Every structure is written in C-alpha cells, then in structure tokens.
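Notes to accompany the following structure.
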Amino acid sequence: MPEARTAAPLRTADGVPLKTALARAQRRAKWRAAGLVLPLLLFILASFVIPIGQMLFRSVSNDEFSSHMPHMVAWFAENGDAEPDDAAWEALVLDLRQAREDRTIGLIGTRVNYELSGTRSLFTSTARKAEDMEPPYREALLDADEDWADPELWGVMRRASSPYTDAFYLAAVDRTRDATGSVEMVDENRQVYVAIFWRTLVLSVTIALLCLLLGYPIAHLLATLPMRYSNLLMILVLLPFWTSLLVRTTSWMVLLQSQGVVNDVLVWIGIIGEDGRIQMMYNQAGTVIAMTHILLPFMILPLYSVMRTIPPSYARAARSLGATSWTTFRRIYLPQTVPGMGAGILLVFILAVGYYITPALVGGTTGTLISNLIAFHMQESHNWSLAAALAGILLAAVLLLYWLYDRLVGIDNMKLG
Amino acid sequence: MAIPVYATPLERAWTWAYRIGCGLIFLFLIAPILIIIPLSFNAEPYFTFTDAMLSFDPAGYSMRWYETLLTFGMNRPDAPGGAAWWADVWHNAAWVQAAKNSIIIGVSATLLATLLGTIAALGLSRPEMPFRRTIMAVLISPMIVPVIITATGLYFFYSATGLANSYAGIILAHATLGIPFVIITVTATLVGFDHSLTRAAMNLGASPPRVFFRIIMPLILPGVVSGALFAFVTSFDEVVVVLFVAAHDQQTIPRQMWNGIREQISPAILAAATLLVIFSIILLTTVELLRRRSERLRGIKQS
C-alpha cells in the first residue's frame, strides 16, 4: 500500500518522528559547539570587553564634581541657568567646607581646571578660608577671590554638576563650550589634538602606501618563483615578522641616528659631507621608515596568498593574443591582485593608526601619533578622562576599519606566516 | 622566473631592474636585523662600526656587553667566580630577573590562551555554531584593537579590582592578547578537517575523550603548537600593558629594553637584541617545520 506509507511520518527506531529527532540532534550539536566557545567568550568579555567598556564610560563620566558638591548640584538642578543667588553662594561655601574636610577639594578643583585652567588653586585656597566664612557668603567669597564672580566659572561648574559630560570628547577634538554652552574651537595655540589625529591619518596612509610599493614586487617574486626558492626567500620576510618589535626599533635607532650606520655609509660614499649628516630620527621620517619596515610583512603575506592563486596561464594567454607586458600587467594581473592589495592596505593601516612603541622611541616630537598622546595623558598629565576620550575616538576608527576588513576580506582569511 | 625568449631588450632591462629592486627590498627587510649582531660585539660604547671593527682587528671586538647583561644589577659583580657569583647572578642581575619574569608570565599566559583558544576553535569550526562570524570577530578583536587602548582599559579595570601590580593581572592580559593567534592558527588547521574521521572513530565505539585525544588532537597539534608559539612571542614581546599595569619591580625583558633605550642607552641593549634575534630564528624554524608537518598530515602537496 504505497498511499499508507507516504501518509505515516518517518520515524526513528524509538518511534520519534524523524523530523523531530533531526531537529533535536541539530539543536544539541549547536549547544555543544556553543558550549565549547562559551568559556573563551566569557574570558574575553571579562578581560577585554568589560575593561574597555569601563574606559568608555569614564570618558563620559563626570562625577568628581557632582558627587562631592551635593548642595551645588541641588541648586543647579533647581535653578538651571539662573544667575547665582544667595542660596547658590551658601551652597558653594557649604560644599567647599565639606570637600576640605573630606579631602576631595583637589579632585573637584582638578575637574574644573580641565575646562578653565588656573582654577584648581582657586578651589583649594578658597576652601581653606571657607571654614571661617560668615554670611553674606557672596561678599565673603569675593573677598577671598574676585574670580568667583566669573560667569564662565559658573558655566563650567553648572556643566560639571551633571554626572555625564561630552566635555572630554569635545576637548579631544580641540573644542570647548563657552559660558553660554555653545561649542567653539579652543584658542589657536592650544589646538593640538585635531592636528595629531590628522598626522596619524597621513602617516598611516603614507606607511600603508609605502608598504604596498615595497611589498608588491616582493610578493609577486615569491608567488612566481618555484617553491624551493620562494620558501628560502620567505624566511627573509618571516624573520622580521618573528623578531621582537623592540629589537627592530632598536636596530633602526642604531641605523638612523646622526652618528649611525646609514649616515656613516653616506659620508663614506661621499654623498653627504661630514657636517651634512641627515637627521633621520626623532622626526616623522624616523617613524615612517621604522614602521614601514615593521609592518611590511603584514602587506606581503596577504598579497602573496592572493598572488599564488593566480594562474600564470592568464598572463601567457594575454601575451599570445598580442598584449605588451605592460598591458598584460595592467589589464590582467593587477585587477586579480586587488583583493590582496585591499587586505594588505587595510591591515597595515589598522595596525599603524594604533602604533605606540615605535613612534615613542624614534618619533621625537614631530613623529608621534595619537597613541603617544593617550599614553602621555595616562602617565604624565593624569588627565585620565581625556585619555579615555582620545582612546574612544581611536577605538571607533579602528572598529570601523575592522568591520570594513571583515566585510571585504573576512577575518577567517587572516593568515599568519 | 626565467626571462622568456621572446622578451624585447626593454623587457630584459626591466626584468633585471625588477630583480635588483627586489634584492634591495630584501636587504631593507633583513639588514636592520642582522646589523645589530656584529655591533653587539663592539669594544667601544658606540652604536656604529669603529675603524678597528672595519679592519677586523680583534681588539675592536669584545664580549663586554654580554658580560654587562649578566652582571648589571648584581651586588658584587667583581667578586671571584664560583658558585656564590653565579648565585648572585641568579638572584640579583637585572636582566636575569627580567628573563625569569618574562618566562613565568609568557608560559602561564600561553598555557591559558592555548587551552581556551583551542577548545573555542573546535567549537568555532563546527558548521552548526550559531553567530559564528560575530563571535569570531569578537574573539579576534584583541589583536586588532591598539594595545594602548587595551592597556588603558586594563589600567582602570585592574585598579578597581585589585589586579594591578600583580602577576595574575599581566598573565590574564597577555593571555587575552595571545588568544586571537591561537584561534587563527587552530581554525586554519581545522579547515578541511575530515569529520568522517571522528564519525568513523565513534562508530567503532570510541568514547568522545578518546576520539579527541587519538583522532582530533594529533591532526590539529601542529596548529595548536604554532598558535602557542605565537601567543608566547606576543607575551614575550609585549611592553605596553606591562608599562601600564605592572609594579615597578616587575621587570620583563621588553620593559628592560624599553627602559634601556629611553634612559641609559648602551650597546648592552644590542647584546640583548642579538640574543632575541637568535631566539626568534629558533622559533621561526620551529613554526616552519610544524607548518610543513601539518601540511603533510593533511595531505597537502607542495607544488
């Protein structure tokens, strides 16, 4: 009875419909795969994603003022943009007293100082006197320091009284808010960050293009030579790749310094005179040369893996049909290497924008990148929120490029050696 | 790549120019690494070739910077040799301490990264893995995100959680940085992995652990080992995170080099660099041998 057989669903040995059993097995396989990945995912979340998230939170968080000046926060919440009245002056004195007692006055002063320089000492010195102040507080405070009447200071304090701020991101792109709260550029002589972001971009593009220029012929040579030669030459590419970054940077310092090997050779050949030694280090040239060398393998390897798959018969066919070697290269070979070029340029560019060690050692003052500025604010100026904001912008740029890389190349195709 | 017989003179000239250009680029790649080796034997405290070195005068060469590596930081470097002197080296010499720290941190971070990374790669290479692409992107991201950002994030995180200035903190951070390399190399060996092998083993009655250790493990082992080597090198060469989260007395080799370059620059740095170059040559050879073994195991023929 063929009809009956098609009507009854297929069943496994223990009577479960086949469809259900399959779905169940599929689900189990899915969970098993996910279970294998889960420990690592949790690890990365805890040791990488959460710390970076916390850093991003810090770049908008603004609680130094708001959590230590409760009366002021309450007054600002009630009165908004109003002129400071008696209640405001009283709140200020109360908070200054409390902050001095809690030893938080330095924090508060530093926070306001970020936006209005010179105010840290205003806070600390007034807080010392706040203990003995009597009403009317306005006159008492102005007695202590005239600057307390400055509307700009009140504007800064008003903005600082909110627990979140965009001030650090604005500062990271050389912008600030004036007394009325509208965004404007900071003074010409204090604009630094946009210029360094711009320099990071220009130098990274230069490095990526130089890597392409130097990497393309090498990758082509390696891809077209017989395996036994290309494997040998590959070692010359892979050895730098495996050598410590600090070693490579050190050797560039040895080579490039004004009493270094390159200058010595140039003097010896007679291209330059003894007094004409070229300054190749502690400037942009140093950063570009050393980083091109360090990142070159990241260009050669993806190019090589693409070029290996191009059949040589295409070029031969073009030649036999009458194309010159230049036409063959331009119309046949080059278009097929575009994926490798894209992968290499993106990878080198991504790595270059975030570079820290090499520019810090050979870049001097004109060859440093945005990462060096982040490190400066972390370790020397201790303006951590600004460092976090700069890092946030850099991270956004890198993640955008990473997304692009994943779309165009696919991270599965990333190869190492 | 022989020049074809039909090549025009212009093409011949071009081919030779191309070969010479490639030679120069190879020189650019390799010369900076090799140049420090002879310079590390300099008898003078200079970073350039002295006349004595150029004329191959033995007096121009010395091992003094290697001795400095050994004795720098010792209590009594001038004491007569013997067990006490070596004990002093072992306990006090700055570079020896740095090497010990680097090895402790590197080995622990590598073990952690390899263990977690290999297990995850097994899951990731299964076709039924949900959200495969997204999860892969997250797991690879520590390699892409600039280290300075990771270090900044960890600085805040560790000072809040008490991991700052501890070995555990550095090890966790270095394991995080090494994991992408393990994932990439192990998933690469698992590409084209013949799953009928595991099915056959299970069909013949092997338990899952037995399948893993007898069938899967030997096949992916080259990938695992080269991933582990990458992770180790990442940790062994990492200085930014260490600068941010480690205590002042937690020196590692790269940090010692960093300090040396920035403060008291002496050719001893070149001696250390030479040793590191030799170390990387050994590593490169190992990885290359492993890659060939893996290709042989998986039946990929060299053309």
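Only the coordinates and a few stated rules stand behind these numbers; no lab work does. Computed from a predicted model, the values in this text were never measured in an experiment. Every residue, glycine as well, gets a Cβ built from its backbone with ideal geometry; the counts of neighbours run over all protein chains shown.
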Check: Normalized C-alpha radius of gyration of the range A:108-259, against 2.2 N^0.38 Å?
Finding: 1.90
Next item on the list: Ratio to report: Rg/Rh of the range B:103-146, with Cα atoms as the point set and Rh obtained by the Kirkwood method; give two decimals.
Entry: 1.07
Checklist line | Of the trypsin sites (Lys or Arg not before Pro) in the range A:101-192, those whose Cβ has at most 13 other Cβ within 10 Å and which sit in DSSP loop | finding: A:R103
Next item on the list: Per residue of the range B:116-124, in order, report the coupling 6.51 cos²θ - 1.76 cosθ + 1.60 (Karplus, θ = phi - 60°) as ³J(HN,Hα) in whole Hz, putting x for Gly and Pro.
Entry: 5, x, 5, 4, 5, 5, 4, x, 5
Checklist line | Other protein chain Cβ atoms within 10 Å, averaged over every residue that makes up B:20-30 | finding: 5
Note to self: How much of the pair distance distribution for the range A:193-413 lies past 26 Å, counting alpha-carbon pairs only, in percent?
What the structure shows: 48 percent
Margin query: Inside 10 Å of the C-beta atoms of B:129-135, what's the mean count of C-beta atoms belonging to other chains?
Written below: 4
Check: Counting GluC sites (Glu not before Pro) as exposed when in a DSSP loop with at most 15 other beta carbons within 10 Å, what is the longest stretch of chain A free of them?
Finding: A:132-379
Note to self: Nothing charged except the Cβ atoms of Lys and Arg (+1) and of Asp and Glu (-1): what's the magnitude of the dipole of the range A:219-343 about its Cα centre? Round to the nearest 20 debye.
What the structure shows: 760 debye
Next item on the list: Take the Cα gyration tensor of chain A, multiply each eigenvalue by 5, square-root it, and list the three semi-axes largest first, rounded to whole angstrom.
Entry: 56, 39, 18
Next item on the list: Rank these for me by crowding, A:D95, A:D147, going from fewest to most other beta carbons within 10 Å.
Entry: A:D147, A:D95
Item checked: Placed amide H near A:R11: partners under 5 Å, 5+ positions off or other chain -> A:L18
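Let's test the formula: R0 of 60 Å, r as the Cβ-Cβ distance of A:W268 and B:R210. What FRET efficiency results, to the nearest 0.05? Each step should come with its number before you reach the end.
Working: r = 68 Å, r/R0 = 1.13.
It comes out at approximately 0.35.
Can you compute the FRET efficiency between A:L399 and B:R293 using 1/(1 + (r/R0)^6), with r the Cβ-Cβ distance and R0 = 25 Å? Round to the nearest 0.05.
Once the sixth-power term is evaluated, E becomes 0.10.
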Notebook entry, point to check: In whole Å, what three semi-axes, largest first, describe the equivalent ellipsoid of the range A:367-417 built from its Cα gyration tensor (square root of 5 times each eigenvalue)?
Noted result: 30, 12, 8
Note to self: Can you tell me the length gained on complete extension of the stretch B:D194 to B:L27, counting 0.36 nm per residue apart and subtracting the Cα distance?
What the structure shows: 55.9 nm
Notebook entry, point to check: By how many nm would the segment from B:D249 to B:M202 grow when fully extended, if each residue of separation counts as 0.36 nm and the alpha-carbon distance is taken off?
Noted result: 11.6 nm
Note to self: Cut-off 10 angstrom, C-alpha nodes, Gaussian network model of chain B. Which of B:P32, B:P254, B:P45 fluctuates the most?
What the structure shows: B:P32
Next item on the list: Please identify, among B:R133, B:R12, B:R262, the residue showing maximal mean-square fluctuation in a Gaussian network model of chain B using a 10 angstrom Cα cutoff.
Entry: B:R12
Check: Considering only A:I332, A:V306, A:A285, whose Cα is most displaced toward the positive end of the charge dipole of the range A:193-413, charges sitting on Cβ of Lys, Arg (+1) and Asp, Glu (-1)?
Finding: A:I332
Item checked: Within a Gaussian network of chain B (alpha carbon springs, distance under 10 Å), most fluctuating of B:I30, B:I265, B:I281 -> B:I30
Checklist line | Ranked B:W85, B:W16, criterion: other C-beta atoms within 10 Å, fewest first | finding: B:W16, B:W85
Next item on the list: Could you work out the mean count of beta carbons from other protein chains within 10 Å of each residue's beta carbon in B:108-119?
Entry: 2
Item checked: Per-peptide average of other Cβ atoms within 10 Å, ordering A:36-43, A:65-72 highest first -> A:65-72, A:36-43
Notebook entry, point to check: Which value in Å is the Kirkwood Rh of the range A:2-60 over different Cα pairs?
Noted result: 15.4 Å
Notebook entry, point to check: Of B:F47, B:F181, how do they rank once you tally other Cβ atoms within 10 Å and put the fewest first?
Noted result: B:F47, B:F181
Check: Can you give the FRET efficiency for A:V173 and A:A82, using 1/(1 + (r/R0)^6), R0 = 35 Å, r = Cβ-Cβ distance, to the nearest 0.05?
Finding: 0.70
Check: By its C-alpha gyration tensor, with a ≥ b ≥ c as the square roots of the eigenvalues, how is the range A:63-165 shaped: rounded for a/c under 1.5, else prolate for a/b larger than b/c, else oblate?
Finding: rounded
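Volume per residue, Å³, of the convex hull around the alpha-carbon atoms of chain B?
Once divided by residue count, the hull of chain B is 239 Å³.
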Next item on the list: Kindly identify the protein assembly as shown as rounded, prolate or oblate by the Cα gyration tensor criterion: order the square roots of the eigenvalues as a ≥ b ≥ c, call it rounded if a/c is under 1.5, otherwise compare a/b with b/c, prolate if a/b is larger, else oblate.
Entry: oblate
Notebook entry, point to check: What does the charge dipole of chain A about its Cα centre add up to, to the nearest 20 debye, if the Cβ of each Lys and Arg holds +1 and the Cβ of each Asp and Glu holds -1?
Noted result: 4380 debye
Margin query: Compute the angle between helix A:18-44 and the longest alpha-carbon principal axis of chain A, please, reported from 0 to 90 degrees and rounded to the nearest 10.
Written below: 60 degrees
